[in-house]
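Take a look at the structure below.
The values are calculated or read from the model by the stated rules, or taken from the named source; none is laboratory data. Not measured: the values here are computed from a predicted model. Heads up, the Cβs are rebuilt from the backbone with ideal geometry, glycines too, and the neighbour counts pull from every protein chain shown.
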Amino acid sequence: MQNSSFGQARIGRRSLLASAAVIPLAGTLASCAGSGAGNTTSTSGSSATSAVSTSPDNPFGVAKGSSVDAVIFNGGYGVDYAQYAAKLMGQQPYAANCTVTPTTTIATTLQPRFNAGNPPDVIDDSGANLIGIQTILSEIEDLTDVFAANNLEGTPIKDTLYGGVTAPGTYNGKFAVINYVMTVYALWYSQSMFDANGWKPPTTWDEAYALGQEAKAKNKYLFLWGKEAATYYQTTAIGSAIKEGGNDVRLALENLKPKCWSLDPIQQVFTAMKKIIDAGMVKPGGSGTQFTQAQAQWSSQEQALLYPSGSWIENEMKSQTKAGFKMTGTPELTVTKNSQMPATALHATAGEGYIVPTQAKNVAGGKEFMRVMLSKDAATNFAKTKLAPTIVKGTVPADGFGSTALVSQIKMLDNAATDVFSWQFVDYYGMNADQLVLWNTFLGGGSSVKQLTAGLQQITDKIANDPTIKKITVS
């Protein structure tokens with residue numbers, strides 16, 4: 001049973017959607033190797049003929065010179081951070097040869113390998129085309145021993161992490177997914193543009209509507225979207241409804257309750273969004289626009305004021321962001337000032353889920369890859385190069401490596417204190433692809449709140465009523 005409100009939202013992340021663009025697996029391969037001393041004895045679960053015995057410096061018994069096959073989702077964070085970890089593996093005494101393969105289509109690429117009993121050793125199971133955890137839960141390792149091990153610096157990994165980070169990857173008591181990135185979901189804007197116009201970021205949907213009126217006076221839109229990322233608006237709507245109505249909303253959605261999408265806080269949010277759409281405050285044509293192109297219309301051309309996304313957005317758009325933009329985040333909106341959760345409450349979670357298949361040729365190597373990723377060295381490299389924090393504490397300086405977006409993430413986390421929440425049902429049940437169609441239509445003005453609600457409920461009910469789909473109970 002999942003017992004924490006700090007649940008998983010792996011699909012809402014940047015993960016969400018660079019993956020709609022199909023890139024062949026036979027794309028770029030990054031390989032790294034090194035040399036060093038190692039002591040070998042026999043152990044199973046390795047691609048080498050024998051594996052070294054375990055030790056604090058090699059807790060999983062990685063064989064000297066063994067190969068590690070890592071398949072990494074190539075989205076907003078790219079894969080170079082994983083290549084950095086792979087290089088570190090090559091420099092350890094066991095000198096593993098780690099190959100990092102990027103792909104944007106995890107399920108399409110890897111499901112055949114699972115079916116054939118030949119999965120990779122470690123997988124970043126992210127993006128819209130991720131493999132639903134419920135379909136492979138029995139086929140992946142429990143990763144509790146990774147957090148119990150020491151990092152490369154000699155400190156127990158469990159003592160270096162933010163609180164609550166095991167919950168997003170725990171399914172019916174099994175810690176199956178290490179969610180690596182501390183993802184903050186927010187409405188993003190240009191602080192420099194807001195300062196120049198005397199605008200303040202909204203905290204309610206009414207304030208957002210008023211800001212949209214001011215945007216129209218400047219020939220700008222309040223929002224815009226791209227076709228593959230239409231469900232970013234679902235993410236912000238759910239976050240807003242949970243802030244408005246509290247855990248009753250979250251639990252109804254998580255547990256696939258009948259008429260859950262008809263709950264009053266959700267309907268209030270949908271109605272507020274529809275008012276903004278009907279007022280012409282959302283840039284038209286998003287359903288025919290590739291999502292990074294749409295995002296560039298926001299970050300480079302400044303055609304819209306606000307964009308809902310996870311904290312991967314700065315890195316994803318760094319080559320297409322206007323100089324001096326000062327990208328900054330503000331928490332998702334409430335409907336009223338009397339919401340169940342305060343305006344500072346934050347939708348945030350550990351995201352970017354890593355798994356180690358049980359049938360992998362080198363299970364020890366897959367776990368070791370994660371141990372290296374969780375070192376202070378690798379985590380600091382990620383924060384510095386991706387401008388987003390990992391689940392490892394103490395890797396982001398006060399100036400956020402010069403990133404206003406990263407500074408704002410830390411500020412939002414601090415302001416939220418214990419009012420941090422998330423959910424996992426969209427990802428767990430693989431709903432995103434079907435929901436995308438509904439949200440593209442709704443954002444384009446082609447459907448009503450009633451039609452959107454009915455469509456979302458139909459998707460939910462189909463899963464809830466299917467006895468072949470294993471359910472999770474969230475409390």
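Per-structure values
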{"read-out": "Subset of the stretch 261-283 [in a helix (DSSP H, G or I), small (Gly, Ala, Ser) and either out of contact with any Phe, Trp or Tyr (no Cβ under 6 Å at 6 or more places or on another chain) or within 16 Å of Ala230 (Cβ to Cβ) (or both)]", "value": "Ser262"}
{"read-out": "Subset tally (residues that are touching a residue at least 24 places away in the same chain (Cβ under 8 Å) and in a helix (DSSP H, G or I)) for the stretch 236-260", "value": "16"}
{"read-out": "Search result, residues across the stretch 119-174 that are modelled with pLDDT under 95 and aliphatic (A, V, I, L, M)", "value": "Ala128, Leu130, Ile131, Ile133, Ile136, Leu137, Leu161, Val165, Ala167"}
{"read-out": "Qualifying positions in the stretch 354-410 - hydroxyl-bearing (Ser, Thr, Tyr) and either within 21 Å of Val184 (Cβ to Cβ) or in the same structural domain as Ser311 (by TED's automatic domain parsing) (or both)", "value": "Tyr354, Thr380, Thr385, Thr390, Thr395, Ser403, Thr404, Ser408"}
{"read-out": "Any hit, the stretch 305-319, residues being under 21 Å from the mean Cα position of the chain (by Cα) and more than 26 Å from Asp414 (Cα to Cα)", "value": "yes"}
{"read-out": "The stretch 155-214, subset outside the structural domain of Pro357 (by TED's automatic domain parsing) and in a loop (DSSP other than H, G, I, E, B), residue farthest from Gln303 (Cα to Cα)", "value": "Thr203"}
{"read-out": "Test: residue in the stretch 391-402 that is in a helix (DSSP H, G or I), of a type in the set (S, T, N, Q) and surrounded by 15 or more Cβ atoms within 10 Å (Cβ to Cβ)", "value": "no"}
{"read-out": "Meets criteria (out of contact with any His (no Cβ under 9 Å at 6 or more places or on another chain) and either not hydrophobic (A, V, I, L, M, F, W, C) or not assigned by TED's automatic domain parsing to the domain that holds Gln267 (or both)) for Ala433", "value": "no"}
{"read-out": "Where Leu456 falls short, out of the listed (1) over 21 Å from Ala229 (Cα atoms); (2) outside the structural domain of Lys174 (by TED's automatic domain parsing)", "value": "(1)"}
{"read-out": "Selection count where residues are within 22 Å of the chain's Cα centre (by Cα), in a loop (DSSP other than H, G, I, E, B) and of a type in the set (A, V, I, L, M), scope the stretch 320-342", "value": "1"}
{"read-out": "Single unsatisfied condition, Thr473 versus (1) buried (at least 22 other Cβ atoms within 10 Å of the Cβ); (2) over 29 Å from Met281 (Cα atoms); (3) not assigned by TED's automatic domain parsing to the domain that holds Gly310", "value": "(1)"}
{"read-out": "Pair list, Cβ under 9 Å, 6 or more apart: the stretch 397-414 residue within 11 Å of Leu387 (Cβ to Cβ), other residue of a type in the set (Lys, Arg)", "value": "Phe401/Lys384; Thr404/Lys326; Ala405/Lys326"}
{"read-out": "Matching residues in the stretch 113-154 - criterion: being more than 22 Å from Gln92 (Cα to Cα), of a type in the set (D, E, K, R) and assigned to a helix (DSSP H, G or I)", "value": "Arg113, Glu139"}
{"read-out": "The lone exception for Asp427 - which of (1) in the same structural domain as Ile313 (by TED's automatic domain parsing); (2) not in a helix (DSSP H, G or I) it fails", "value": "(2)"}
{"read-out": "Flag if Ser403 is touching a strand residue (DSSP E or B) at 6+ places or on another chain (Cβ under 9 Å), over 28 Å from Ile136 (Cα atoms) and among the polar types (S, T, N, Q)", "value": "yes"}
{"read-out": "Any chance Ile410 is over 19 Å from Val181 (Cα atoms) and outside any strand (DSSP E or B)", "value": "no"}
{"read-out": "Any hit, the stretch 288-304, residues being outside the structural domain of Gln83 (by TED's automatic domain parsing), outside any loop (DSSP other than H, G, I, E, B) and within 30 Å of Thr418 (Cβ to Cβ)", "value": "no"}
{"read-out": "Any hit, the stretch 107-121, residues being aliphatic (A, V, I, L, M) and in contact (Cβ under 8 Å) with a residue 60 or more places away in the chain", "value": "no"}
{"read-out": "Filter pass, Thr101 being in contact (Cβ under 8 Å) with a residue 12 or more places away in the chain and out of contact with any Pro (no Cβ under 9 Å at 6 or more places or on another chain)", "value": "no"}
{"read-out": "Check on Thr441, of a type in the set (Ser, Thr, Tyr) and outside any helix (DSSP H, G or I)", "value": "no"}
{"read-out": "Flag for Ala241 being of a type in the set (A, V, I, L, M, F, W, C), at pLDDT 95 or above, under 24 Å from Asn74 (Cβ atoms) and within 21 Å of the chain's Cα centre (by Cα)", "value": "no"}
